[in-house]
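Report on the structure given below.
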Ligand code: NA7
């Protein structure tokens, strides 16, 4: 990628002298070429690419009062990324990779937020980011070919391109439990954590949820709370993270191997800096297999999933991993009754998002921790004193909801987006998200979604997925500008083909077999049950996207005759 032009050389679009156009579509609206919704990992990089590489007037609107997206909001105790820090960063500028020093194997929330603020400063992004500005509505004005955007601050914008960089895991899911407003204590969702923190000292804390987040925060809360009660609906696997400080030798290795690390991430299924081992669990003799699992358990983290190539495609192979982990849980947890509840896992390993932890199962050996099996006795209601299940009342001072997100679609649908002919995104996605490559929705010209449903997104180390999406969008816009096109949207036929490809990719794995998975939307009542992310792997997805671009964007409709190279056979969008 070309070097960025000197950042910040143009006057800020937030300058009151910036162009505002009168007229029906433009009255009192700030006119920009591209409006980006969100200033997390994806929004900031999209801003940089459009502004500094294409010379566009681009502006990012961000609801928070700081940049950082996920890492701005998720300040819960123990918040840490599951990707290894040397891979959880931008790779578009090798100098940036070499400059930044991560302190631990997995980056903590505060450190990632510092990194993203560093990026905002280093590339002078702040003048083109408007904070504390939530986009509430966006309507496509077809005659003008502009997106008319409204915000909660009353600012109004008009943009040719609208890029939703809102994050797949940003719309907090607080379950609708009867009686919650009557609770006399305090309650919090982990994804909307107070900046000043929460003091658990001397408190009786209830934690609902045992996904990646609940598994991260339970051990930390248990250290200061008088008592922690973990409410478990679905028992979960977890692999020890084995977090540790990074030494200078490793940091030097990263500085000297930036390109090599990037190549591995780009070649890998999930965008991580390691590849799946080229061996089958079922074809490996049991003793040897066990030794491999033990070594992977000691190494820790998501690398465990890569110990064999068939864990996610073959139930028998998966059973070997599942059995190994369940045995470790029973080994760690001293109380057999608790161990039984924690290891009674009803789905294949890694078919739901596999958590990694620091002393999660060990936490259940503490005297101040109890475990409630909601499968045996579900939550009935919240009462002023605490949580009532079908068979008991648990008195609490604080309830922590680690109950996840309206994932992949929630943040997009929270904005009232209206495309051509009055079609709303809610209507277009009523039966589940429909788009092409996870990037564009039919009927919504010039709207791009970064890491949207239908792309690898949550199945991938996200900065890798984000850079690929942003680069693709930027290249597509550049390609249009070179050819005088002003409008792009996917053809219905291409969308149908891509949806079939996404479904086929999922069906080739064990992932859709879990009925309570949020990959299927099952955690949000009333949400359509559609497997949303593209499960064919990041490397495969990148190749498809590259192919589409190289072929002159077959499946996408532009408003000007384009010189496209016809494909010789088949479609770029096929699995
Ligand atoms: P997840 O993975 O969606 O986990 C949410 C947890 O909350 C999970 O254990 C749910 O049980 C549980 N949950 C949700 N609603 C309820 C109700 N109503 N009652 C009891 N328990 C409930 O969210 P996380 O924040 O942990 O992780 C999301 C991603 O963020 C993660 O993949 C990382 O990428 C970062 P269930 O399994 O649905 O029965």
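The values are calculated or read from the model by the stated rules, or taken from the named source; none is laboratory data. No experiment lies behind these values; they were computed from the predicted model shown. Glycine gets a Cβ as well: all are built from the backbone with ideal geometry, and neighbour counts include every protein chain shown.
Answer with yes or no whether residue 35 is on the phi < 0 side of the Ramachandran plot, at pLDDT 95 or above, more than 16 Å from the ligand (Cβ to nearest atom) and crowded, with 23+ Cβ neighbours inside 10 Å.
Taking the combined requirement at face value, the residue satisfies it.
Restricted to the range 192-251, and to residues that are more than 16 Å from the ligand (Cβ to nearest atom) and assigned to a strand (DSSP E or B), which residue is nearest to residue 102 (Cα to Cα)?
245
Can you tell me which of 220, 258 is touching a residue at least 60 places away in the same chain (Cβ under 8 Å) and in contact with a helix residue (DSSP H, G or I) (Cβ under 7 Å, 6 or more places away or on another chain)?
258
Taking residue 411 as meeting all but one of (1) within 14 Å of the ligand (Cβ to nearest atom); (2) assigned to a helix (DSSP H, G or I); (3) touching a helix residue (DSSP H, G or I) at 6+ places or on another chain (Cβ under 8 Å), write down the number of the exception.
Checking residue 411 against (1) within 14 Å of the ligand (Cβ to nearest atom); (2) assigned to a helix (DSSP H, G or I); (3) touching a helix residue (DSSP H, G or I) at 6+ places or on another chain (Cβ under 8 Å), the one that fails is (3).
Tell me, please, whether a residue that is away from the ligand (no atom under 14 Å from the Cβ), closer than 23 Å to residue 496 by Cα and out of contact with any helix residue (DSSP H, G or I) (no Cβ under 9 Å at 6 or more places or on another chain) can be found in the range 452-468.
no
Would you be able to tell me the number of residues in the range 334-356 that are away from the ligand (no atom under 13 Å from the Cβ) and in a strand (DSSP E or B)?
Going through the range 334-356 one residue at a time, the tally reaches 0.
Inside the range 357-381, can you point out the residues that are within 15 Å of the ligand (Cβ to nearest atom), more than 30 Å from the chain's Cα centre (by Cα) and either buried (at least 21 other Cβ atoms within 10 Å of the Cβ) or in contact (Cβ under 8 Å) with a residue 40 or more places away in the chain (or both)?
Those that are within 15 Å of the ligand (Cβ to nearest atom), more than 30 Å from the chain's Cα centre (by Cα) and either buried (at least 21 other Cβ atoms within 10 Å of the Cβ) or in contact (Cβ under 8 Å) with a residue 40 or more places away in the chain (or both): 380, 381.
Say we look at the range 61-91 and pick out the residues that are without any contact (Cβ under 8 Å) to a residue 60 or more places away in the chain and assigned to a loop (DSSP other than H, G, I, E, B); which of these is nearest to the ligand (Cβ to nearest atom)?
81
Among the residues of the range 250-269, is any crowded, with 19+ Cβ neighbours inside 10 Å and under 25 Å from residue 371 (Cβ atoms)?
No, because not a single residue in the range 250-269 is crowded, with 19+ Cβ neighbours inside 10 Å and under 25 Å from residue 371 (Cβ atoms).
Quick test for you: out of 438, 443, 404, pick the one residue that is in contact with a strand residue (DSSP E or B) (Cβ under 9 Å, 6 or more places away or on another chain) and within 13 Å of the ligand (Cβ to nearest atom).
After ruling out the rest, the residue left standing is 404.
Given (1) more than 13 Å from the ligand (Cβ to nearest atom); (2) over 29 Å from the mean Cα position of the chain (by Cα); (3) farther than 18 Å from residue 78 by Cα, identify the lone condition not met by residue 389.
Tallying (1) more than 13 Å from the ligand (Cβ to nearest atom); (2) over 29 Å from the mean Cα position of the chain (by Cα); (3) farther than 18 Å from residue 78 by Cα, residue 389 fails exactly one: (1).
Given 500, 522, which one is surrounded by fewer than 19 Cβ atoms within 10 Å (Cβ to Cβ) and in a loop (DSSP other than H, G, I, E, B)? Walk me through it before giving the result.
Working: 500 fails: in a loop (DSSP other than H, G, I, E, B).
522 is the lone residue from the list that is surrounded by fewer than 19 Cβ atoms within 10 Å (Cβ to Cβ) and in a loop (DSSP other than H, G, I, E, B).
With the requirement that a residue be in contact with a helix residue (DSSP H, G or I) (Cβ under 8 Å, 6 or more places away or on another chain), over 19 Å from residue 167 (Cα atoms) and more than 14 Å from the ligand (Cβ to nearest atom), what does the range 514-536 give you?
Within the range 514-536, 536 is the sole residue that qualifies.
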